[in-house]
Structures are given as structure tokens and as C-alpha cells.
1. Can you give the longest run of the chain that contains no chymotrypsin sites (Phe, Trp or Tyr not before Pro) sitting in a DSSP loop with at most 10 other Cβ atoms inside 10 Å?
2. How far apart, in nm, are two points set 7 Å out from the Cα along the Cα-to-Cβ line at GLU46 and at GLU67?
3. Would you mind computing, in nm to one decimal, how far apart the modelled labels at CYS84 and HIS55 are, each placed 7 Å from Cα along Cα→Cβ?
4. Give the distance, in whole Å, between the Cα centre of region 17-52 and the Cα centre of region 212-253.
5. Divide the volume of the convex hull of the Cα atoms of region 111-228 by its number of residues and quote the answer in cubic angstrom per residue.
6. If you project the alpha carbons of region 2-106 onto the principal axes, what extent comes out on each, in Å, largest first?
7. Taking the alpha-carbon set of the chain, what are its Rg and Dmax in Å?
8. Please compute the modelled spin-label separation between ALA173 and LEU17, points set 7 Å along Cα→Cβ, answer in nm with one decimal.
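Throughout, read-outs are computed from the coordinates displayed, never taken from laboratory work. Everything quoted here is computed from the prediction, not taken from an experiment. As a convention, Cβ positions derive from the backbone with ideal geometry for all residues, glycine included, and neighbour counts pool all protein chains shown.
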Amino acid sequence: MVHFVGAGPGGPDLITLRGAELLRRAGCVIYAGSLVNPALLGLTGENVPIYNSAHMTLEQVMAVTEEAHGQGKEIVRLHTGDPCLYGAVREQMDWLDRVGIPWDVTPGVSSFCGAAAALGAEYTLPGVSQSVIITRMAGRTPVPEKESIAALAAHGATMVIFLSAGMLAGLSAELLKGAYTPDTPAALVYKATWPEERVARCTVGTLAETGAREGISKTALVLVGDFLAHDYSRSCLYHPGFSTEYRQGDGSQKPESR
Ligand code: SAH
């Protein structure tokens with residue numbers, strides 16, 4: 001059996017209880033060494049083989065997996081954040097299906113949640129944005145043309161941009177083709193939830209100079225949108241005049257529906 005496990009964004013106590021238990025029980029661990037906090041590997045039993053997939057191809061990862069499975073071992077495939085985002089898990093799942101090895105998935109805290117925590121921010125502010133666009137700049141991995149940053153930026157929604165901290169000048173130019181202005185608030189969050197976490201607040205127009213000044217060019221998320229500013233409406237849900245399945249409103253004026 002293979003367990004795909006989300007390691008969380010970095011802080012070693014941010015793995016789930018289920019993920020930690022699977023690591024303790026594992027007979028073989030393959031972890032994404034570029035971003036998984038190695039402190040997590042301390043949870044594994046003694047003499048358990050541990051492989052860093054940063055140095056391996058898909059074929060090599062699968063060879064190790066098939067061998068360990070053949071020896072009756074439980075395998076943990078540890079991915080950074082949550083495996084569902086930029087985790088290259090689908091190709092592994094399909095491979096395992098082809099060779100008849102069962103697998104399951106234990107979710108993790110994605111770095112985009114860790115970044116919101118670092119910023120003390122809510123991505124979905126009433127009256128500001130009710131959508132979060134998770135995307136990336138095209139790099140060596142292409143992005144479908146319909147999903148270009150410029151196209152997505154037309155919405156003016158909250159944007160969380162992965163894998164792009166090394167391309168901030170280009171990113172800024174693309175964002176400005178959409179609904180954002182040079183003054184739209186933005187932030188870089190480097191290594192959210194790691195001890196060396198850093199937050200740099202800036203604007204869409206100053207992303208590149210901020211990254212250069214702070215020395216941030218990788219392992220960072222770019223956050224863009226007016227959720228980083230100060231204006232918003234209070235929620236309907238917790239307004240005294242708002243009735244829900246759980247609470248009767250007091251008849252005071254309801255907030256505008258947003
Ligand atoms: N599955 C992961 C994303 C893997 S892609 C997740 O859910 O978070 C790798 C990219 O994620 C990095 O280039 C960076 O943009 C982002 N990232 C991962 N961990 C991060 C962290 N702790 N802080 C900021 N960005 C991070």
C-alpha cells in the first residue's frame with residue numbers, strides 16, 4: 001500500500017495526526033526533499049529506508065515503490081503542503097493503478113494556507129473578493145494560454161501565485177494587463193511556517209524590487225489583491241440581523257448582500 005501524505009507547509013508540527021501516524025508505521029519513505037522539512041523524517045522508525053525524490057525520476061521512484069511493496073511494506077510518499085497542488089501525484093497514482101498497487105491520500109496544510117497565517121489575512125473578504133485563484137507563471141512547465149496570468153488577472157480576485165518568485169518582473173507586467181494597478185497590494189511570503197519565514201508586503205508595481213531587496217527568489221508565494229488592504233464589509237453570517245439555520249436574527253437591518 002502506498003500512502004500519499006501531505007507534509008504541510010514546513011513547520012514540522014503542521015502535518016496531520018494521520019500523516020504522522022502513517023510516517024511512524026511506514027516501512028519505506030520517499031519524500032520530496034526540495035521542500036519537505038527533514039525534521040519530519042525523525043518520526044520514522046529505525047532503519048527504515050528513506051529516499052529523497054528530488055534526486056530521482058518518476059521511474060526510479062516507482063522502482064523503489066514496487067520493490068518495497070513486494071517486500072510487504074507500507075510506503076509513505078511524502079509531498080510538500082497538500083499533494084493536490086503541483087505535486088505530480090496523478091502520474092504516480094496512474095502508475096500504481098497500472099501495476100495493481102493500492103494507494104490512498106492523506107491531505108496536508110497547503111503553503112497557501114500557511115501564507116495566509118503568516119500574513120494574518122483572510123483571502124475571501126466580503127465586498128472585496130469571494131474567490132481565490134491559485135495559479136503559476138509559465139516556466140519550463142507550460143500553462144494553458146487560457147490560464148495566462150493576464151487572463152486570470154482580469155477578475156481582480158485574490159490571487160495566490162506558486163512557483164513564480166523567480167520571475168517577479170514578468171509576473172508584475174502580466175498582472176498589470178488585468179484588473180490590478182501598480183498600487184494594488186501584494187506580498188511575498190518566503191518559507192511560510194518555517195523558522196526562517198519572512199513576509200514582505202509591497203504592491204503589484206514593486207514586486208520585482210521587493211524580491212531583489214529581500215533576496216526572495218524561490219520557496220515563496222506571491223499574494224495579490226485588495227484582501228491585503230484595509231477596506232471590507234462585515235460578514236452577513238455573524239450580523240445580528242441575519243438569520244441562519246442555527247440562529248434567529250434580531251430584526252435589525254441586514255447587511256447588504258454581497
Ligand atoms: N503542494 C505544495 C506546492 C508545491 S509547488 C503546497 O500545497 O503548498 C512548490 C511551490 O510551493 C514553491 O515554489 C512555492 O511557490 C510554494 N511553497 C511551498 N512551500 C512553501 C512555503 N512554506 N512558503 C511559501 N511558499 C511555499
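1. Values: sites that count: TYR238, TYR246.
In the chain, the maximal stretch lacking such sites is 1-237.
2. Computed distance between label sites GLU46 and GLU67 equals 2.4 nm.
3. Between CYS84 and HIS55, the label points sit 3.3 nm apart.
4. Using only Cα atoms, the two centres lie 36 Å from each other.
5. Numbers: hull volume 10.5 nm³, N = 118.
Convex hull volume per residue, Cα atoms: 89 Å³.
6. That works out to 34, 30, 24 Å along the principal axes.
7. Rg then Dmax for the chain, in Å: 21.2, 67.
8. Here the modelled spin labels are 5.1 nm apart.
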